[in-house]
Structure formats: structure tokens, C-alpha cells
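**Q** First the structure, which I've put down as C-alpha cells, then a few questions once you've had a look.
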Amino acid sequence: MNLEKSSIIFNDSHQTISFLKKEVEKFVKERKWNKYHTLKELAQAISIESAELLELFLFKNLALDEILNDSDLTSKISEEFADIFIYLLSFANVINLDISYAFQKKIEKNRKKYPLSEFSNGTYKKK
Ligand SMILES: [Mg+2]
């Protein structure tokens, strides 16, 4: 990983969501891009970057092990994932969203919506 002006190697075990939110906030503020990071623009950017992620799979029918053994593809997937995540973090910054709390509320809602008593056998139906 090549990090500008940093010798820190980020990894999920050592960086908190709060730290990542601050890194994105700093990046945007240093460039005076806050005016571009409106909720509408960020929602559009999240959708556009999600489409770029989808495009990597367009007209391909690859098994997971084929994807994981393709270093060029996994690198592109990593970049598009990061694009989406950075815009999500910026979106959270704009509305002062506590991501962990939002996650907790939603996963609890999903546990009630998809109870183990109905969904422990691998079947799925949209509710
Ligand atoms: Mg992209």
C-alpha cells in the first residue's frame, strides 16, 4: 500500500472507523472540497463508484477462486471498494452519523426481520 505522507500501514485491526472518518475529513478540508461534498453529490458519487465496482464483473462469470487468483482484478476491486467507502465516510461526516451505532441498529433490525428460526437453513427470501 502506498500512502502519501505516511509511513503508517493501515489495517482493519489497528485503525478505527473514527480514525478513518477523520482522515477523510482532513483530506477534504485540506483541498477545500467541502463545497463539493454535499449529501446529493456524495450519494451520487457512492452510486457511481458502486457502478464502477459492478463494471469489473460485467460479462464475466468468475468463480470466487478465479477472482482471488487474479491480482489485477482484486487490485481494481480494492480500489473501487475504497472509493465507495471513502465517499460513505464523507457522507457520514456531513451528517455527523455514528457509523457503528447505525450498523448496530440495522443489524439488530435484520436479526428480527430474518430470525434464525426461519433462516438457519440457507434459504433466502426478500422480506
Ligand atoms: Mg472508482
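Read-outs throughout are calculated quantities, based only on the coordinates presented, and are distinct from any laboratory measurement. For clarity, every value in this text was computed on a predicted model and none was experimentally measured. Quick reminder, even Gly has a Cβ in these numbers, built from the backbone with ideal geometry, and neighbours come from all protein chains shown.
**Q** Do you know which residues across the stretch 48-84 are in contact (Cβ under 8 Å) with a residue 12 or more places away in the chain, over 18 Å from Val94 (Cβ atoms) and either of a type in the set (A, V, I, L, M, F, W, C) or out of contact with any Asp or Glu (no Cβ under 7 Å at 6 or more places or on another chain) (or both)?
**A** First, the residues of the stretch 48-84 that are in contact (Cβ under 8 Å) with a residue 12 or more places away in the chain: 49-50, 52-53, 56, 73, 76-77, 80-81, 83-84.
Still in the running and over 18 Å from Val94 (Cβ atoms): 50, 52-53, 56, 73, 76-77, 80-81.
Selection gives Ser50, Leu53, Leu56, Leu73, Lys76, Ile77, Phe81.
**Q** If you don't mind, there's one more thing I want to ask. Which condition number in (1) touching a residue at least 40 places away in the same chain (Cβ under 8 Å); (2) in a loop (DSSP other than H, G, I, E, B); (3) of a type outside the set (Val, Ile, Thr) is the one that Ala45 fails?
**A** If we test Ala45 against (1) touching a residue at least 40 places away in the same chain (Cβ under 8 Å); (2) in a loop (DSSP other than H, G, I, E, B); (3) of a type outside the set (Val, Ile, Thr), just (2) comes out false.
**Q** Moving on. Only one of Phe81, Phe103, Phe85 is of a type outside the set (A, V, I, L, M), outside any loop (DSSP other than H, G, I, E, B) and away from the ligand (no atom under 16 Å from the Cβ). Can you tell me which?
**A** The match here is Phe103.
**Q** I need a count of the residues in the stretch 41-97 that are in contact with a Lys or Arg (Cβ under 7 Å, 6 or more places away or on another chain) and either among the charged types (D, E, K, R) or under 27 Å from Ser18 (Cβ atoms) (or both). Walk me through it before giving the result.
**A** We begin by selecting, within the stretch 41-97, every residue in contact with a Lys or Arg (Cβ under 7 Å, 6 or more places away or on another chain); these are 56, 89, 92-93.
With either among the charged types (D, E, K, R) or under 27 Å from Ser18 (Cβ atoms) (or both) added as a condition, the list becomes 89, 92-93.
Count: 3.
**Q** So, one more: Collect the residues in the stretch 36-73 that are surrounded by 14 or more Cβ atoms within 10 Å (Cβ to Cβ), of a type in the set (Val, Ile, Thr) and under 27 Å from Asn96 (Cβ atoms), keeping them in residue-number order.
**A** Answer for the stretch 36-73, where residues must be surrounded by 14 or more Cβ atoms within 10 Å (Cβ to Cβ), of a type in the set (Val, Ile, Thr) and under 27 Å from Asn96 (Cβ atoms): just Ile46.
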